[in-house]
Amino acid sequence: MEIPTGITKRDGHLCAIGDAATLRAAFENGTPVTLNGNYAGESVYLGTTRTVYDDGITTRRDGQIGDDFEADKFPGIPLAAYLIDLKRLEDAPRLAAGVREMNNKALKGHHEMVRRVEAESAASSYSEDGA
């Protein structure tokens, strides 16, 4: 039985979800996986690289989110969720467009919050007695 690879959001991250062995191999080999569902036919790479500040400055490549799990729809088959490399979406144009839209909405909300805080701060810095 071929397990479809889909998209999910876990722990605030966009992830590919599917057969654990397939996703693990793609992550370890740096090869893309092909998606099903809303983004059928699009391919994504797994994992993200981030800078870690521990005993020095190092980089770490993160992939799997949480442990393998099972779903009722695919009994006995371990599934996994892996981070999607959002910097490598050249083979996933619809997903890339959705990510851009999501980022633009988040940025707009951030700018609106900053303007509101600045306005509230300016209003509260003046009092009637001039203090």
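Just a few scattered comments:
- Test: residue in the range 3-22 that is exposed (fewer than 13 other Cβ atoms within 10 Å of the Cβ), touching a Leu at 6+ places or on another chain (Cβ under 9 Å) and not in a strand (DSSP E or B): no
- Counting the residues of the range 77-125 that are of a type outside the set (A, V, I, L, M, F, W, C) and within 14 Å of the chain's Cα centre (by Cα) gives 8.
- Test: residue in the range 55-75 that is surrounded by fewer than 17 Cβ atoms within 10 Å (Cβ to Cβ), among the aromatic types (Phe, Trp, Tyr), touching a residue at least 24 places away in the same chain (Cβ under 8 Å) and in a loop (DSSP other than H, G, I, E, B): yes
- Some residue of the range 86-105 being assigned to a strand (DSSP E or B), touching a residue at least 24 places away in the same chain (Cβ under 8 Å), in contact with a helix residue (DSSP H, G or I) (Cβ under 7 Å, 6 or more places away or on another chain) and surrounded by 10 or more Cβ atoms within 10 Å (Cβ to Cβ): no
- When the test is whether a residue is closer than 23 Å to ARG24 by Cβ, without any contact (Cβ under 8 Å) to a residue 60 or more places away in the chain, outside any helix (DSSP H, G or I) and not basic (Lys, Arg), ALA80 does not pass it.
- Among the residues of the range 88-108, the one identified as of a type outside the set (A, V, I, L, M) and either at pLDDT below 75 or touching a Ser or Thr at 6+ places or on another chain (Cβ under 8 Å) (or both) is ASP91.
- Within the range 40-54, the set of residues being under 27 Å from GLU2 (Cβ atoms) and either touching a Ser or Thr at 6+ places or on another chain (Cβ under 6 Å) or outside any loop (DSSP other than H, G, I, E, B) (or both) comprises SER43, VAL44, LEU46, THR48.
The values are calculated or read from the model by the stated rules, or taken from the named source; none is laboratory data. Source: prediction; values computed, not measured. Virtual Cβ from ideal backbone geometry, glycine too; neighbours counted across all protein chains shown.
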